[in-house]
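Report on the structure given below.
Read the figures in this text as sums done on the coordinates, not as results from a lab. Since the structure is predicted, the reported quantities are computational estimates derived from the model, not experimental observations. Positions of Cβ are generated from backbone atoms using ideal geometry, with glycine treated the same way; all protein chains shown enter the neighbour counts.
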Amino acid sequence: MTMNRHLDDSTLMSFAAGALPEALAVVAAAHVAVCPRCRDELATMEMLGGALLGSLPGAAMRSPAPAAPEIERHSSSRPAAAPPPTTQGAAVGEVPAPLARLIGNDLDGLHWRWVAPGSWLRHVPITSGRLHLFKCSSDVALPEHGHEGSEITMVLRGTISDGTGLYRVGEVCDIDENVEHAPVAGTDGCICVVAQDRPARFRSLIVRLTRPWHGM
Ligand SMILES: [Zn+2]
């Protein structure tokens, strides 16, 4: 399947450098696992990063040693790294391996918490940043929230759309703190995973609770 919505270059660079908070890294890894384009870009960035580290003053004296373990360390700490070829490509299952390691493969079997009509939440414990799964019925919006940091949303089932367009399974909405958006589930509903690097500020509970009836 062709992916049209990708990780931002700055996200990929931070990911390559091992600098993303874990929550964002998990979702970035999940997208990379199913997206050949981002996988290629990431490989290029890692190569360039290694070359840059190797060319830093003093690198010759220290030998290339500092660069190589650095890259390796990041690769091994990256949630995407471990699973072999079976995780690459869309044919594997609904949950890409980097995320499946945290929540398993059975989205229907998860314990979902009801938060509003047509809207369920599942918190995923993580060491840095915040990671949530949202499940929304057809045409229901994900709970509205502002951002104080970066946010990456990836669709696991169904579709979502916001002011910037439509997102399908595997695609990501990768935005920074300057963007506010209110993704709405498509006609078949959606399940998506949302990573944030700071707590979101959930807004008016009333707006959130009544949104299903204004059809937003
Ligand atoms: Zn991509």
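Each label point is 7 Å from the Cα along the Cα-to-Cβ direction; what then is the distance between the points at V179 and H123, in nm?
Here the modelled spin labels are 2.7 nm apart.
Evaluate the range 117-171: find the radius of gyration of its Cα atoms, find its Kirkwood radius, and give the ratio Rg to Rh.
Reported Rg/Rh (Cα atoms, Kirkwood Rh): 0.94.
Among residues other than R37 whose Cβ falls under 14 Å from its Cβ, what is the net charge (Lys/Arg +1, Asp/Glu -1)?
Around R37, the charge tally is -4.
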